[in-house]
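Heads up, the thing below is written out as structure tokens.
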Amino acid sequence: MTDAKQFETFLRNYQDMVFSTAMRLVANPAEAQDISQEVFLRAFERFGELAGDPRAGGWLKTVAINLSLNHLTRYRARWSFFSELFHRGNAGEETEIEYAAPDDVEEQMAVSERRLLVEEALRQLPHAQRVPLVLFHLEGMRYEDIAVKLGVSLGKVKTDIHRARAALRKKLGPRLRNEWRPRA
Amino acid sequence: MNPELAKQLEREIGRVLHGLPDLTAPPGLLERTMTALEKPAPWHARSWTKWPVRVRIVSLAFALAAVAVAWVGWHAVEPGLLAGASRHLAPAMVGLTSFWKFLSALAGALVLAVEHLGKGFMLACLVAAAGAWALCAGLGTMFVRLALARPGRRLL
């Protein structure tokens with residue numbers, strides 16, 4: 001198999017994970033796609049080391065997180081004015097998100113509806129709350145590491161995450177109590 | 001915040017978020033990444049750290065030379081600069097005074113014109129100006145997006 005073919009397989013294996021990481025941090029499909037592409041372009045430069053390495057997933061996730069955070073600090077403020085003008089009109093873009101189908105077909109509709117609701121609620125959170133929440137709950141980072149990564153105080157990280165949780169709970173309402181219990 | 005309630009909230013949200021599977025990447029991601037790999041950007045479109053080594057050395061030499069020229073040039077002109085500036089400043093101040101008088105006269109004329117043209121006309125002018133500004137902003141945004149467009153990315 002040629003390098004290009006091997007890399008294509010590598011990209012297929014990890015594209016969902018990289019895209020999810022970027023998407024949940026920047027909350028914009030087009031920007032998440034740009035970031036994912038950049039992650040894989042960087043991965044290609046080091047493909048000799050990454051191919052067959054079990055730590056490749058971790059490396060890709062770290063690069064995706066770093067590029068997403070860089071993107072948020074560097075470009076978001078600069079383009080926010082005009083971007084926000086068009087953001088409201090991009091509602092159709094947001095509904096394009098898809099999930100891998102669950103094994104149990106009978107529950108497929110209900111499960112994907114719940115996931116969509118959670119993703120939507122997550123995306124509606126303000127950037128200052130969503131980013132630390134995603135880093136804590138989905139990327140498994142500690143409060144201290146998040147504070148260092150975002151360059152803010154530990155207290156602010158804890159407060160923002162708490163507010164984000166409260167906002168999520170409010171948005172998702174009774175679904176949290178009834179539908180999200182772990183199955184026996 | 002109540003620590004017990006905060007812990008409960010953390011558990012609830014943690015359970016919800018841990019249940020989320022990966023999102024499906026858009027179908028175009030694979031294609032556009034492979035296309036970008038086949039046709040890499042020219043060196044001048046990449047960041048400086050990714051330029052060829054020789055070009056980096058030459059550009060660094062140019063940058064240092066520019067700093068040196070600026071430094072030497074400043075020290076060459078600096079002694080006579082203050083005297084020269086004071087000589088040149090006096091006529092400029094006269095010019096500024098005349099300009100201020102011109103602006104005052106213009107403002108007076110504008111006030112007179114507003115008083116005679118009426119509120120309706122002025123309101124129409126304001127609406128027209130706002131429309132023109134919005135058009136410029138919209139076109140500017142569109143051109144920026146066209147300029148930065150990448151394959152497979154929606155423009156609006």
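The values are calculated or read from the model by the stated rules, or taken from the named source; none is laboratory data. All values reported here derive from a predicted model rather than from experimental measurement. Neighbour counts are summed over all protein chains in view; Cβ atoms, including those assigned to glycine, are modelled from backbone coordinates with ideal geometry.
You will find that of B:Val58, B:Val144, the residue that is within 33 Å of the chain's Cα centre (by Cα), within 30 Å of B:Trp43 (Cβ to Cβ) and at pLDDT 85 or above is B:Val58 and no other. Within the range B:36-46, the set of residues being out of contact with any Phe, Trp or Tyr (no Cβ under 8 Å at 6 or more places or on another chain) and within 10 Å of another protein chain (Cβ to nearest Cβ) comprises B:Ala36, B:Glu38, B:Pro40, B:Ala41.
To keep it simple, each residue is scored yes or no on (1) over 16 Å from B:Gly14 (Cα atoms); (2) facing chain B (nearest Cβ under 9 Å); (3) charged (D, E, K, R).
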{"site": "A:Phe136", "(1), (2), (3)": "no, yes, no"}
{"site": "A:Met141", "(1), (2), (3)": "no, no, no"}
{"site": "A:Glu144", "(1), (2), (3)": "yes, no, yes"}
{"site": "A:Val148", "(1), (2), (3)": "yes, no, no"}
{"site": "A:Ile161", "(1), (2), (3)": "no, yes, no"}
{"site": "A:Ala166", "(1), (2), (3)": "no, yes, no"}
{"site": "A:Arg169", "(1), (2), (3)": "no, yes, yes"}
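Residues of the range A:38-55 that are assigned to a helix (DSSP H, G or I) and either within 11 Å of chain B (Cβ to nearest Cβ) or within 19 Å of B:Ala36 (Cα to Cα) (or both): A:Glu38, A:Val39, A:Phe40, A:Leu41, A:Arg42, A:Ala43, A:Phe44, A:Glu45, A:Phe47, A:Gly48.
Residues checked against (1) surrounded by 10 or more Cβ atoms within 10 Å (Cβ to Cβ); (2) assigned to a loop (DSSP other than H, G, I, E, B); (3) hydrophobic (A, V, I, L, M, F, W, C):
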{"residue": "B:Pro21", "(1), (2), (3)": "yes, yes, no"}
{"residue": "B:Thr35", "(1), (2), (3)": "yes, no, no"}
{"residue": "B:Ala63", "(1), (2), (3)": "yes, no, yes"}
{"residue": "B:Ala68", "(1), (2), (3)": "yes, no, yes"}
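Within the range A:2-37, if we keep just the residues that are more than 9 Å from chain B (Cβ to nearest Cβ) and surrounded by fewer than 19 Cβ atoms within 10 Å (Cβ to Cβ), the residue that is farthest from the chain's Cα centre (by Cα) turns out to be A:Thr2.
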